[in-house]
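Below is one structure; the comments refer to it alone.
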Amino acid sequence: MEPRPRSFYLLSAFFALFLLFLYGPTITIAILSFQGPGGGLTFPMQGTSLHWFRDLFEQQAVGDIWGSFRRSFVLGLMVMVTTVILSVMGGLAFRKKFKGSSILFYLIITSLVIPSILISLGVGLIFSQSGLEVHWSTSGFGAQLTWTLPFGLLIMFAVFNRFDKSYEEAARDLGATSWQTLRYVVLPIISPSLIGVALFGFTLSYDEFARTLLTSGSYNTLPLEIFGMTTNVTTPVLYALGTLTTVFSLLMIGLFLCLALWSTRRKARAGSDAGKGML
Amino acid sequence: MLKNNTFIGWLMALPIMAVLVFFLVLPIAMIVMVSFWKATEFSIIPAFDLGNYEFLFGSNVTYRVFFNTFKYAFLTWVFTLSIGFTVAYFLAFHVRSQTWQIVLFLLCTIPFWTSNIIRMISWIPFLGRNGIANSTLISWGVIDQPLDWLLFSDFAVILAFVHLYTLFMVVPIFNTMMRIDTSLIEAARDAGASGAQILWNVIIPLTKPGIMIGTIFVVTLVMGDFITVRFMSGSQSANVGRLISNDIALLAYPSAAATAVVLLLTVLLVIGVMLRFVDIRKEL
């Protein structure tokens, strides 16, 4: 191997600083959430304790955190499942290069670049003017889909652009129906990417703020609850909550990444048995 | 056959289309409509009234706030592009093993899947009056008094934007760089180009589509933001998004809608210009 140029070491240092910049603040509040009972929002630490985490579990101390966590979790799962199914259908539709598909494509791009507050305002206005009640599971759910679907669909575009059509042709030549081709050939091949779409669907919904602001009704989701706390809570309990939901997010990300890895490995194993059945 | 394709295509795209029509197209139509309505203290009344727009364009605040919005977008763009490009360049051309490439790339993207609000809050202990930055600077003897402009200022707003959105630059730029044919770079080196010349004349031109996609993400996210500006400036600065959210808080929906229409047109105009430089569908 040729030796590393000097620029490699400079760039490595830059990259390390970038990671510090990305993760440093989050790590700081994670440390500060173990602040002693008398401690404040900044260093120095006044001893260490689990005081602020205990506070989170006392209902009256800080609003309805567990209720909002439950809602965010359920909503995240709803958005995730819907995003995966609709993105796959949309991705398959686009492969047909149907007439008018460019309209849908530009709608997707618009959905991605439109300022979130417009979705919030518009959906809120439609519901209030037509006498419907805004609720996180209806208006909030739809508003979040306008943010997760573009990501899901763009991933599907990328996947299908790289998809080798000869697999499908082979299946068809062997007499598979189009449903069988989809179920036993296409879906297994793209399954690792579907886990990626699911990851986007869940986490983007779980953390979404702006699009849920005017569309969730009287029951807050977790990000709304946390933002409400920033205006009236001035103790490290805020950090404790931030640390807990970040840990939760990291666990979910880890879970999805492990699933994706497992599914890629399984695919690699299953793919290598070509010809075995012939013997 | 073609007709059949179109039919099946639309059928499969129907659910996604339905969601977008109901939660994207109709809301935009609603906002455009309400922007012509009138508001009283208690309710909004259907009308065709240009008053909201007259007020908007007649007010100095509007121009200042729009200027601020562009300023945030431009500064954030400069920083996210230079940082994002450097990081992507390092990952694509200096990290040799693919496993490390994936691991380091994931490290850059994981924060994207965690909460923006918490990532903003997490700057408080660092930037506050008694925060890490001030106490470090004082202990080094750089300053005697804590700096007041670290938190709740334009500085904090830009810092937070860069912190939140640099990965929107890293990902598309890295993606385009990975697709550059390495033989092009070798050819340039064989022809006697220096490292800087290769970067400037080969890599940067070939990375342009990724740069454009990252730019579209960052510029639209910053222009449409309202929460970062409100939180990080301590409500001292305003951009268009905050103008809208303030009107909403006062239940002045028609006025909020008029501002929203102007903001949307501005964003679409900016995107329209950028899309002239890149074909997104080809880059996926």
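No value in this document is a laboratory result; all are computed from the given coordinates. Everything numeric here is computed off the predicted structure, so don't read it as measured data. Cβ placement follows ideal geometry from the backbone for every residue including glycine, while neighbour counts extend to all protein chains displayed.
Before moving on, here are some points about what is shown:
- Histogram of C-alpha separations across the protein assembly as shown, 10 Å bin width, %: 3, 15, 25, 27, 18, 8, 2, 0, 0
- Relative contact order of the stretch A:110-224, pairs being alpha-carbon contacts under 8 Å that are 6 or more residues apart, as %: 46
- Loop-located chymotrypsin sites (Phe, Trp or Tyr not before Pro) in the stretch B:1-46, at most 10 other Cβ atoms within 10 Å (DSSP): B:42
- Peptide A:44-51 is shielded by partner chain Cβ atoms: per residue, an average of 0 of them sit within 10 Å of its Cβ.
- Nonlocal amide H pairs with residue A:46, under 5 Å, H built at 1.01 Å: A:36, A:39, A:40
- The label point for residue A:161 and the one for residue A:178, both projected 7 Å from the Cα toward the Cβ, are 2.5 nm apart.
- Contour minus Cα-Cα distance for residue B:155 and residue B:235 (0.36 nm per residue): 27.5 nm
- Each Lys and Arg Cβ is given +1 and each Asp and Glu Cβ -1; about its Cα centre, the stretch A:67-237 then shows a dipole of about 380 debye.
- Cβ-Cβ distance of residue B:48 and residue B:266, R₀ of 22 Å, FRET efficiency by 1/(1 + (r/R0)^6): the value works out to about 0.40.
- Cβ-derived FRET efficiency at R0 51 Å, residue A:187 paired with residue B:181, nearest 0.05: 0.95
- Between the alpha-carbon centres of the stretch B:1-34 and the stretch B:72-94 there is a gap of 36 Å.
- Residue (of A:116, A:102, A:13) at the positive-pole extreme of the protein assembly as shown, dipole from beta-carbon charges: A:102
- Loop-located trypsin sites (Lys or Arg not before Pro) across the stretch A:35-127 with a Cβ neighbour count of 12 or fewer within 10 Å are A:97, with loop assigned by DSSP.
- What the Cβ-Cβ distance of residue A:137 and residue A:31 gives, at R0 = 30 Å and to the nearest 0.05, is a FRET efficiency of 0.25.
- Taking the helices alone, chain A has a mean residue ellipticity at 222 nm of -23000 deg cm²/dmol, built from -39,500 (n - 2.57) per DSSP H run of at least 4 residues and averaged over all its residues.
- Between residue A:13 and residue A:268, full extension at 0.36 nm per residue minus the direct alpha carbon distance yields a gain of 88.2 nm.
- Surrounding net charge for residue A:41, when Lys and Arg each add one and Asp and Glu each subtract one, Cβ distance under 15 Å: 0
- Spacing of the modelled spin labels on residue B:107 and residue A:97, each 7 Å from Cα toward Cβ, amounts to 4.3 nm.
- Shielding by other protein chains, B:121-134, mean Cβ within 10 Å: 6
- Only helices enter this figure: runs of n ≥ 4 DSSP H residues, each worth -39500 (n - 2.57), summed and divided by the residues of chain B, yield -22000 deg cm²/dmol at 222 nm to the nearest 500.
- Distance between the modelled labels on residue A:258 and residue B:33, one decimal in nanometres: 5.0 nm (7 Å Cα→Cβ projection).
- Residue order, fewest to most beta carbons within 10 Å, for B:278, B:19: B:278, B:19
- Sorting B:113, A:66 from the fewest to the most surrounding beta carbons within 10 angstrom yields A:66, B:113.
- Candidate aspartates and glutamates for bridging to residue B:71, where Cα separation is under 15 Å - those fewer than 8 sequence places away on the same chain excluded: B:154, B:225
- Of all aspartates and glutamates in the structure, the ones whose alpha carbon falls short of 17 Å from that of residue A:165, not counting any fewer than 8 places away in one chain, are A:173.
- Using C-alpha pairs below 8 Å separated by at least 6 residues, the relative contact order for chain A is 29 percent.
- Note on residue B:251 and residue B:148: the extension gain reaches 33.7 nm, defined as 0.36 nm multiplied by sequence separation minus the Cα-Cα distance.
- Ranked by how many other Cβ atoms sit within 10 Å of their own Cβ, fewest first, the residues A:207, A:173 fall in the order A:173, A:207.
- Taken about its Cα centre, chain B carries a charge dipole of about 420 debye when Lys and Arg each add +1 at the Cβ and Asp and Glu each add -1 at the Cβ.
- Chain B: most fluctuating residue of B:31, B:118, B:16 per GNM, C-alpha cutoff 10 Å: B:16
- Here, the stretch B:69-283 has an Rg and a Dmax of 20.4, 66 Å when only alpha carbons are counted.
- Residues considered: A:91, A:142, A:175. Largest GNM mean-square fluctuation over chain A, using C-alpha springs under 10 Å, is found at A:175.
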